[in-house]
Amino acid sequence: METYFLFFIASIVGGVINAIAGGGGLITFPLLMLVVGPMTADATSAVAGFASYPTAVWRTRNLLTGVLGSGWLWLLVIPSFLGGLIGALLLSHTGNRNFTEFVPWLVLLATIIIALRPVLVRRREGGTLQPDLAQTLWPFAMAGIFVVALYGGYFGAGIGILMIGTLTFISPGEIRHVVALKNFLNCWMRGVAVFVLVLDGSVDWKYGAPMAVGGLVGGYIGGIVSHRANRTVVRSIVIVIGLTVAVYYFWKLYNPAVIHVRGE
């Protein structure tokens, strides 16, 4: 019983991290590796990570007020869903990840973009998520989201940081609104990817069930933090988490014996 409680607590912490920036898998995956094999730990950790998104979206739903029925939002949902599905199917059929060496660089680049966000959005940053894009640029925005979602479905590591970095070029809204939008899109993208993992039978529900409950709790708590904290504090937390994830994967890159963490 103590073991399951430990996994439950760990998934709460991971859920908080996922709801704010992403990277909760760095906590849940190593813990699962103590009791199950790498593939099962990978899939079970992904389930726990996904569970944080629905409650985070629910807790920050007022930050999405006025945009949930907007056509532009669903233009972003479509590539998020399709990218996550195709990426997960590719992983399911190939069973390997051939570009792990790019992960720390991608996460580091996205973190730098987030750090420079106040400069990039200049004085446009405000309390709205409405995109500041010309109509001709929408195909590029959708393509960018699709590529990020494809990566998220196939690999997943640092996906929250990458999604926030990508959304910086689409929405001028303040960071708290963008985090809420990130969670909404990741809920679709990670949801379909996890569904594929569940169909593959890779999840150990003995651990996955209590961890999913913990993820739900953690996502709600993370939603409270990202909603109530000052925008500068939220951005700082995201940057610190992004740098931590990047450092971990740089370390992993130069220590091949370390088993890969799927992450979020």
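Ignoring ligands, DNA and RNA, what percent of the 1.4 Å accessible area of the chain is carbon and sulfur?
71 percent
Determine the per residue accessible area of the stretch 148-264 with all protein chains present and a 1.4 angstrom probe, expressed in square angstrom.
35 Å²
How do the peptides 32-40, 11-19 rank, highest first, by the average count of neighbouring beta carbon atoms within 10 Å per residue?
Per-residue Cβ counts within 10 Å, averaged per peptide and sorted highest first, yield 11-19, 32-40.
May I ask you to compute the full-extension gain from L75 to T232, defined as 0.36 nm times their residue separation minus their alpha-carbon distance, rounded to one decimal in nm?
53.6 nm
Output the peptides 135-146, 220-231 sorted from most to least packed, where packing is the average of other Cβ atoms within 10 Å over each peptide's residues.
Most protected by this proxy first, the peptides run 220-231, 135-146.
What does the highest-first list of 163-173, 42-52 look like by mean Cβ count within 10 Å?
Final packing ranking: 42-52, 163-173.
Need the full-extension length gain, S92 to W251, defined as separation in residues times 0.36 nm minus the C-alpha distance. One decimal, nm.
Residue separation times 0.36 nm, minus the Cα-Cα distance, leaves 54.6 nm.
Quote to one decimal, in nm, the extra length available between L68 and M39 on full extension: 0.36 nm per residue of separation minus the C-alpha distance between them.
6.9 nm
Under a 1.4 Å probe, what is the accessible area of the stretch 1-49 per residue, stated in Å²?
37 Å²
The values are calculated or read from the model by the stated rules, or taken from the named source; none is laboratory data. These numbers come from a predicted model, not from an experiment. Using ideal geometry, Cβ is built from the backbone for each residue, glycine included, and neighbour counts are taken over all protein chains shown. For the accessible areas, the whole protein counts, side chains as well, though only heavy atoms, and no ligand, DNA or RNA atoms are used. Shrake-Rupley method; radii C 1.70, N 1.55, O 1.52, S 1.80 Å.
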